[in-house]
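Structure record follows, encoded as structure tokens.
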Amino acid sequence: MIASLIGAMLTPAIMIAVCASLIISTSNRHARVVDRIRFLNQVLIDKGDLLNSGIIGNYWKQVELYEWRRKMILRAMIANYVALFLFLLSALVMMVAVLMPFLEFLPLIFIGLGFLTLIYKITVLLMETNKRYETTTLDMENVRHNVRFNRYQIEE
């Protein structure tokens with residue numbers, strides 16, 4: 001009986017470790033997005049008068065996309081914490097179910113809900129990844145514009 005309890009508790013324990021790892025990586029992702037928003041805002045504040053309207057418009061599009069990405073990452077973080085809570089709850093209920101066998105189905109429900117929550121998180125991060133490519137494309141447009149502009153300046 002104790003061996004089966006320990007075996008049953010391994011699944012939530014492994015998923016708790018997975019959630020912790022995902023929380024760290026998602027937090028890093030969020031920090032990078034916030035840093036980029038701050039950088040773009042600072043460029044617009046410090047050098048906004050010196051930039052042409054095309055680059056300013058490009059930066060504002062990037063700020064909007066980064067803001068959307070930040071919101072999506074926050075949704076993913078919330079989902080991650082909910083999944084972590086569900087896996088912790090399933091481990092706790094497993095211990096209680098040893099004493100009250102009529103509760104033995106509850107841990108499976110919590111584990112299943114935890115997996116569904118992680119699937120939601122992954123879906124949200126996939127949408128955010130798609131927007132990441134849009135912001136990179138906008139950034140590359142500015143690079144191409146600056147290279148063309150600088151080349152034109154040198155040739156004159």
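No value in this document is a laboratory result; all are computed from the given coordinates. Just so you know, these numbers come straight off a predicted model, no measurement behind them. So basically every Cβ, Gly included, is an ideal-geometry build from the backbone, and we count neighbours across all protein chains shown.
Could you tell me the relative contact order of the chain? Use alpha-carbon pairs under 8 Å, at least six residues apart, and round to a whole percent.
The normalised contact order for the chain reaches 29 percent.
Give me the three principal axis extents of segment 29-156 from the C-alpha atoms, as integers in angstrom, largest value leading.
85, 23, 17
Note down the Stokes-Einstein diffusion coefficient of segment 41-94 in µm²/s, whole number, using a Kirkwood radius over alpha carbon pairs, 20 °C, and 1.002 mPa s.
152 µm²/s
On full extension of the chain, what length is gained from Ile122 through Arg32, given 0.36 nm per residue of separation minus the C-alpha to C-alpha distance?
Taking Ile122 through Arg32 to full extension adds about 30.6 nm, to one decimal.
Ranked highest first by average number of other Cβ atoms within 10 Å, how do 126-132, 68-74, 27-33 line up?
68-74, 27-33, 126-132
Report the label-to-label distance for Lys47 and Trp60 in nanometres (one decimal), using points 7 Å from each Cα along the Cα→Cβ vector.
So the two model labels end up 1.9 nm from each other.
About its Cα centre, how strong a charge dipole does segment 2-155 have in debye, to the nearest 20, once Lys and Arg get +1 and Asp and Glu get -1 at the Cβ?
The dipole magnitude comes to about 220 debye.
Mean Kyte-Doolittle of at least 0.5 and a Cα length of 18 Å or more along the axis: which whole DSSP H helices of the chain meet both?
Helices meeting the criterion: 2-47, 53-99.
What net charge do the residues around Gly57 carry, taking every other residue with its C-beta under 14 Å from that of Gly57, with Lys and Arg at +1 and Asp and Glu at -1?
The answer is -2.
Between His145 and Ile78, what's the calculated FRET efficiency when r is the beta-carbon distance and R0 is 35 Å? Round to 0.05.
Using R0 = 35 Å, I get an efficiency of 0.40.
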